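> Please see the structure below; I have some questions.
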């Protein structure tokens, strides 16, 4: 075989794209992953975690992002050779760079949710701040997470991705369009009837979910399109997804 062809055959391929704003956010972490499949799973988890699905289990996330099984996501968290400490370091450096010595207030939220039954992890009789008394429920506590440290660092990364686009963080970023004379985008996504004009974290999450919605819906109906091919529907989805990829977010450099 020709040497050049051998080199091309073994050349590392580019990672599959997800949604443009997720790809842009995750790009800064690309060098942390020596395997392209690991980097893809990193992006798939960011997409799946913000998706509007009832359970954030790996099998449900796999369905939402178009994977045939959750095996690759399991492998990413349990076997893939990447260091959680390096991802944490990069995440914290982004926050510190953006704060730029501004004071920071840490709020610990143990509000909790009332929960019936005993099948869900961490459900027990405990104090729930949301109702002000001890009741059967679930509270998220950062204890004994050594075995799922990578999973929680991904959760923190996703949380930061959303937070960086909340108004309070955007005001700290001098390069953000709201703090400059940058031209307005050609498409005004905010005219969507379900777009939330609020300034809170959940408002940002709602709007990002609207942007990824066409991608998630396409992957969810893909098994039906395998049985009942419809190229017009497929082309329509691709056009819509292309339009969604014009949505840009500004992230702080770490």
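> Taking interchain pairs and intrachain pairs at least six residues apart, which have beta carbon atoms under 6 angstrom, with the first residue in the range 230-246 and touching a residue at least 40 places away in the same chain (Cβ under 8 Å) and the second outside any helix (DSSP H, G or I)?
Listed pairs, sorted by first residue: 246/187.
> Do we find that residue 94 is modelled with pLDDT under 90, farther than 27 Å from residue 220 by Cα, in a helix (DSSP H, G or I) and within 18 Å of the chain's Cα centre (by Cα) in this structure?
It is true that residue 94 is modelled with pLDDT under 90, farther than 27 Å from residue 220 by Cα, in a helix (DSSP H, G or I) and within 18 Å of the chain's Cα centre (by Cα).
> Right, next: Pick from the range 186-202 the residues that are in contact (Cβ under 8 Å) with a residue 24 or more places away in the chain and in a helix (DSSP H, G or I): which of them is farthest from residue 59 (Cα to Cα)?
The residue in question is 189.
> Are any residues in the range 27-37 in a loop (DSSP other than H, G, I, E, B) and surrounded by 14 or more Cβ atoms within 10 Å (Cβ to Cβ), and if so, which ones?
28, 29, 33, 35
Residues checked against (1) in a loop (DSSP other than H, G, I, E, B); (2) modelled with pLDDT of 90 or more; (3) exposed (fewer than 12 other Cβ atoms within 10 Å of the Cβ):
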| residue | (1), (2), (3) |
| --- | --- |
| 1 | yes, no, yes |
| 9 | no, no, yes |
| 25 | no, yes, no |
| 39 | no, yes, no |
| 42 | no, yes, no |
| 48 | no, yes, no |
| 69 | yes, yes, yes |
| 76 | no, yes, no |
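So that you can scan it fast, the table gives a plain yes or no per residue for (1) without any contact (Cβ under 8 Å) to a residue 12 or more places away in the chain; (2) under 14 Å from residue 158 (Cβ atoms); (3) touching a helix residue (DSSP H, G or I) at 6+ places or on another chain (Cβ under 8 Å):
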site	(1), (2), (3)
39	no, no, yes
42	no, yes, yes
63	no, no, yes
68	yes, no, yes
80	no, no, yes
89	yes, no, no
93	no, no, no
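The values are calculated or read from the model by the stated rules, or taken from the named source; none is laboratory data. Because the structure is a prediction, the values reported are computed rather than measured. A quick note on method: Cβ atoms are made from the backbone with ideal geometry, for glycine too, and the neighbour counts reach across all protein chains shown.
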